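Taking it in order: structure first as structure tokens, then the write-up.
The values are calculated or read from the model by the stated rules, or taken from the named source; none is laboratory data. Here the structure is a predicted model, which means the values were calculated and not measured. Cβ atoms come from the backbone with ideal geometry, glycine included; neighbour counts cover every protein chain shown. Just the protein is used for accessible areas: all its heavy atoms, side chains included, with ligands, DNA and RNA removed. Shrake-Rupley method; radii C 1.70, N 1.55, O 1.52, S 1.80 Å.
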Amino acid sequence: MASGTTLKLKQQRSRDRREQILSAATKLFGQRGIDGTSLTEVAAVAKVPLSSIYDYFEDKRALVLDVPEGNFEALYQKTEPLLVKGGDPVEQLRIIFLTNFQYIKDNPSWGRVFFLEIWPSVLAAEPRVKKAVDKYALRYVQLIKQAIRAGTYRRNLDPYAAMSLMMGGMCHLTAVWLLYGRKYDLVKKGKTLFTTLHNGFVQR
């Protein structure tokens, strides 16, 4: 029993340390850019020995590629408690969409590293990054399909095109917010964007 408890504690410490490293990397990559950040600096901010980073990541590139997955998982942890199983698909779509804006607002370094560093670069085509983005995008597609079946959204609406409009709008709104000094309320703008897109999707 004691050995089992000890093992669980070690596993939790390992997960916590990995999250510390990812959090520090996200912060620094967002502030200084990926090229302008060294693993030594990541280790210092994470308050771990440099050797610990190599326990979890083969090199800097491996760490960079894990940042999207780690942040999407953190986003899911914030989103899932807000969703009601079997609830209205449009309301769930709205929650997922706006929770992402709130997460970016609360974590602007993540927004900067993803929307200004990773997404516009060849890194977006890396399988691990693509898998994390595809998993997120699929949630939109599934809910849009449900809204079409429920008769809320028009039957001829292409769910993949609708998802692209939502994610493309999110990318543009976030990039402008970051590039121009975060001068507007990102979540409020997100609500306006959702309403505009929703009104274009509904059954007339």
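Computed about its Cα centre, the charge dipole of segment 42-176 is approximately 460 debye, with only Lys, Arg, Asp and Glu carrying charge at their Cβ.
Shown is the FRET efficiency for Val141 and Asp35, computed with R0 = 30 Å from the Cβ-Cβ distance and rounded to the nearest 0.05: 0.30. Lys and Arg at +1, Asp and Glu at -1: add these up for the other residues within a Cβ distance under 12 Å of Ile148 and post the number. Around Ile148, the charge tally is +3.
Extension gain for the segment Trp119 to Glu69, taken as residue separation times 0.36 nm less the Cα-Cα distance, is 16.7 nm to one decimal. Using the charge dipole of segment 60-201 (Lys, Arg: +1 at Cβ; Asp, Glu: -1 at Cβ; taken about the Cα centre), state which of Val113, Gly86, Asn156 has its Cα farthest towards the positive end. About the Cα centre, the residue reaching furthest to the positive side is Asn156.
Provide, for q = 0.12, 0.24 Å⁻¹, the log10 of I(q)/I(0) from a solvent-free Debye sum over equal Cα point scatterers in segment 1-57. With one equal scatterer per Cα and no solvent, log10 I(q)/I(0) is -0.33, -0.88. Electrostatic tally near Asp106: other residues with Cβ closer than 14 Å to its Cβ, Lys and Arg +1, Asp and Glu -1, net +4.
Where (1) 0.95; (2) 1.15; (3) 1.46 are the candidate values, the label of the one calculated here for Cα Rg over 2.2 N^0.38 Å is (2). Ordering 49-57, 167-175 by mean Cβ neighbour count within 10 Å, with the highest value first, yields 167-175, 49-57. With the simple model of a label 7 Å out from the Cα in the direction of the Cβ, Asp59 to Tyr160 spans 3.4 nm.
Measuring nothing but protein heavy atoms, the accessible surface of the chain at 1.4 Å probe radius is 54 percent carbon and sulfur. Rounded to the nearest 10 degrees, the angle from helix 159-179 to the longest Cα principal axis of the chain is 60 degrees.
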